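First comes the structure, then the notes that go with it.
The values are calculated or read from the model by the stated rules, or taken from the named source; none is laboratory data. Small disclaimer: the values here were computed from a predicted structure and weren't measured. Counting neighbours? That spans all protein chains shown, and the Cβs are built from the backbone with ideal geometry, glycine included.
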Amino acid sequence: MSASPIAIMWFRNDLRLADNPALMAACRWAGQNGGRVLPVFIYDDVIDGQLGGATRWWLRHSLQSLDHSLGGQKLHLFRGTAQDVLTSVQAEYQVTALFWNRCYDRPSITRDTAIKTHAHQTGLMCESFNGQLLFEPWDVKTGSGGSFKVFSPFWRACLKMPPPAAPQAAPDHIPLATVTPSQAVSLAELDLAPKPFDWAGGLAERFTPGEAGARAQLHDFIDERLIDYAALRDYPDQRVTSELSPHLRFGEISPRHIWHATAHHADAHPAQAQTTAKFQSELGWREFAHHVLFHAKDLATIPLQPAFARFPWVQDADALKRWQTGQTGFPIVDAGMRELWHTGYMHNRVRMIVGSVLVKHLLGDWRDGLAWFDATLVDACPANNAFSWQWIGGCGADAAPYFRIFNPVLQGEKFDPKGVYVRQWVPELRNLPDTLIHKPWEAPRLVLIGAGAASYPDPVIGLRQGRDRAMAAWREMKKTANFEEGDMT
């Protein structure tokens, strides 16, 4: 048994050293009590249920990066029920304190509440912290004291609160415990290879998981791309977005760090204040997604608007497969789905387009889209992914009305006017002229053959047919719901 008392630092979605409140608290406790800190990560059923193939790959490399930052072979990995693992470690060593940063989904809250209750009953000091959000979901309230359902007033309320605390640097010294728990496993034993397919080569080309990768991504964004963010963020051929979402998903960088870094940049460059505010409002959308997640019963399965429980979704396995594999016949959609498969990422504007086509033109259940994105996105998380699919499906908080149906041709022509993005990801259309790149079915057969595009599929459904069918389904649901059709432009 270790001679010094031990505090467990339980890492979860906070795989970093800098601005990690739980880690800072564990180090303070160790200094005050002559103790040591034991960093652990527990791969339990809650975490397993929140991972897909791409996020499994990311987690593996993020854990590896965190262990390297701790000095190597210092992050102790476990597989099993979190309570059982913690109880075992507590029995094996002189563990007297437990620290973690909070999660906001129901399964995690249920798990953590039970563990904290058990800790208090057994005399184990246990504290949790906010290491994931700018504002706690329960601190942002409507005038009547309830939760928000619309983003704009939510964000206004956030901006009226005291600003997020300045981020803290990584501890100068972490007094690590020099013990190895008997139940600890190796990283290989966690078996975090992408499943059911291993397409990690493309993921590695695009991203560098880990805290150092997150910092480099932030600095590159601020130095090179933030200036154009507000003007060009909707154009997928223009790489101006931050691409920080997967780093935030695993807590390799804190939102406070991002907030203050961009705010300091705006202070130093007043001409960029507007584009910085626009970017920070996107951090606000992330906050709103977690706010809704915290207050929802089950964001991933139950529509926030109850009427949509009666929506007549169509189960069409062939159409879903064509959508998943980028063979819908709509170039901007297929480009997005192929980018997703190759890189584990998709431009945000394109996410909205492909989502609209699935749930509206194809009448696919939004939960099927959610499941595919959970499996393939490196930034898929319980809050943002479920919130976004409910939003595009018309059934979520502050959702786009279902009757607002994106036309993939018009969206492509507006946001990829030269077809640069489509040509990158749908190479069989590369030689089509700009006027036909987003509607190749209008090209004469000889033009398709000459351009090498004859193999590209016809649209899975006609644009008018899909829109009319979607509106008919919406009206069918509406018969028994108190909905107003409103403006259908």
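Cβ-Cβ distances below 7 Å connect the following pairs, each with a first residue in region 390-410 that is touching a residue at least 24 places away in the same chain (Cβ under 8 Å) and surrounded by 22 or more Cβ atoms within 10 Å (Cβ to Cβ), a second residue that is in a loop (DSSP other than H, G, I, E, B) and among the hydroxyl-bearing types (Ser, Thr, Tyr), and a separation of six or more residues or different chains: 394/402. Just so you know, in region 405-459 the residues that are among the basic types (Lys, Arg) and within 34 Å of the chain's Cα centre (by Cα) include one that is farthest from residue 319 (Cα to Cα), and it is 418. Of the residues contained in region 231-253, none is found to be buried (at least 22 other Cβ atoms within 10 Å of the Cβ), touching a helix residue (DSSP H, G or I) at 6+ places or on another chain (Cβ under 8 Å), small (Gly, Ala, Ser) and not assigned by TED's automatic domain parsing to the domain that holds residue 21.
Put simply, of 288, 308 the only residue that is among the aromatic types (Phe, Trp, Tyr), closer than 18 Å to residue 395 by Cα and touching a Phe, Trp or Tyr at 6+ places or on another chain (Cβ under 6 Å) is 288.
Assessment of region 239-256 against the conditions (over 18 Å from the mean Cα position of the chain (by Cα) and not hydrophobic (A, V, I, L, M, F, W, C)) yields at least one matching residue.
Might you check whether a residue that is at positive phi and not in a helix (DSSP H, G or I) occurs anywhere in region 377-388? Within region 377-388 (the criterion being at positive phi and not in a helix (DSSP H, G or I)), the answer is no, since none of the residues qualifies.
For region 274-307, the tally of residues that are in contact with a helix residue (DSSP H, G or I) (Cβ under 7 Å, 6 or more places away or on another chain) and either touching a residue at least 24 places away in the same chain (Cβ under 8 Å) or surrounded by fewer than 16 Cβ atoms within 10 Å (Cβ to Cβ) (or both) stands at 23. Residues being in a helix (DSSP H, G or I), over 19 Å from residue 166 (Cα atoms), modelled with pLDDT of 95 or more and aliphatic (A, V, I, L, M): count how many of those fall in region 274-309. Total meeting the criteria: 3. Applying the criterion of at least 3 residues that are at pLDDT 95 or above to the helices (runs of 4 or more DSSP H) found wholly in region 154-249 leaves 211-220, 229-232, 245-249.
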